[in-house]
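To keep things clear, I will list the structure first and then write my remarks on it.
The values are calculated or read from the model by the stated rules, or taken from the named source; none is laboratory data. Please read these numbers as outputs of a predicted model, since none were measured by experiment. Reconstructed Cβ throughout: ideal geometry from the backbone, glycine too, with neighbour counts over all protein chains shown. Please note that ligands, DNA and RNA were not included when accessible areas were found on the heavy atoms of the full protein model with its side chains. Shrake-Rupley method; radii C 1.70, N 1.55, O 1.52, S 1.80 Å.
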Amino acid sequence: QVQLVESGGGLLQAGGSLRLSCAASGLPFSSIAMGWFRQAPGKEREFVSAISWNGGYTDYADSVKGRFTISRDNAKNTVYLQMNSLKLEDTAIYYCAAGSILRTTMTMSPSYWGQGTQVTVSS
C-alpha cells in the first residue's frame, strides 16, 4: 500500500520560509519521480515542482522559481520542498505526488497522492 505523508505546513507571515516534507512508503522510492502540487481555495490543483529519481532533474512552476527548492533523500524515502520569500498567493493545500516524468514533455505525471498539508501566508 502506497502512502505519502506530508508534514511541515503552517501559518506564517509573508516573506517567511517553510520546509515541507513528504515521507513515502510502499513504493520503490529511489527509482520514482516525486513532486509537489498545490490547490488554493476556489482554484484547480496546479503543479509546483518535481524531481527525478536521482535528483538530477528538477522542474518548477514559473510562479515559484527562485523561491522554492525541491530535494530528496533516497535513504530516508523523503522529498522536501523548501519555500522561501513566501507570498500571500502561495496560500494553498500542498500535495506530495509520486509518479514519472514524461520524456516527451519533461512534465510530471502523478500516480499517487498524499493527503495534503495546509500552508497559509498572511500579511
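Could you tell me which residue out of Gln39, Thr105, Val121 lies farthest along the dipole of the chain toward its positive end? Charges go on the beta carbon: Lys and Arg +1, Asp and Glu -1, centred on the Cα centre.
Among Gln39, Thr105, Val121, the one farthest towards the positive end of the dipole of the chain is Thr105.
Quick one: net charge around Gly116, please, counting Lys, Arg +1 and Asp, Glu -1 for every other residue with C-beta under 11 Å from its C-beta. All intermediate terms of the calculation are to be shown ahead of the outcome.
Values: positive: Arg38, Arg45; negative: Glu6.
Around Gly116, the surrounding residues sum to +1.
Taking Cα centroids, how far is the stretch 1-43 from the stretch 57-114 in Å?
Computed from Cα coordinates, the inter-centre distance equals 8 Å.
Where does the charge balance sit around Val48 when Lys and Arg score +1, Asp and Glu -1, over other residues with C-beta under 15 Å from its C-beta?
Values: positive: Arg19, Arg38, Lys43, Arg45, Lys65, Arg67, Arg72, Lys87; negative: Glu6, Glu44, Glu46, Asp59, Asp62, Glu89, Asp90.
Residues near Val48 contribute +1 overall.
Check Ser111: other-chain or 5+ apart residues with amide H under 5 Å from its amide H, H built from backbone geometry?
Ala98, Gly99, Ser100
Counting Lys and Arg as +1 and Asp and Glu as -1, each charge on the Cβ, what is the dipole of the stretch 35-123 about the Cα centre in debye, to the nearest 20? Intermediate values should be presented prior to the final figure.
Working: 9 positive and 7 negative charges, 22 e Å.
The dipole of the stretch 35-123 has a size of about 100 debye.
Tell me, what HN-Hα J-couplings in whole Hz come from the Karplus equation 6.51 cos²θ - 1.76 cosθ + 1.60 at θ = phi - 60° for each residue of the stretch 59-67, using x for Gly and Pro?
9, 9, 5, 4, 5, 10, 4, x, 10
Calculate, in nm to one decimal, what Ser17 and Thr105 gain on full extension: separation in residues at 0.36 nm each, minus their alpha carbon distance.
Values: separation 88, 0.36 × 88 = 31.68 nm, distance 3.06 nm.
Here the answer is 28.6 nm.
Computing the accessible area with a 1.4 Å probe over protein heavy atoms, can you report the carbon and sulfur percentage for the chain?
For the chain, the apolar C and S fraction of the accessible surface comes to 48 percent.
With every protein chain left in place, what is the accessible area per residue of the chain in square angstrom, probe 1.4 Å?
Per-residue value: 52 Å².
How much length, in nm to one decimal, is gained on full extension between Asn84 and Thr58, taken as 0.36 nm per residue of separation minus their Cα-Cα distance?
Full extension from Asn84 to Thr58 adds 7.7 nm.
Could you give me the radius of gyration and the Dmax of the stretch 1-98, taking only the C-alpha atoms into account and expressing both in angstrom?
Cα radius of gyration and Dmax of the stretch 1-98 are 13.0, 38 Å respectively.
What is the sum of charges around Leu18, taking Lys and Arg as +1, Asp and Glu as -1, for the other residues whose C-beta is under 14 Å from the C-beta of Leu18?
+2
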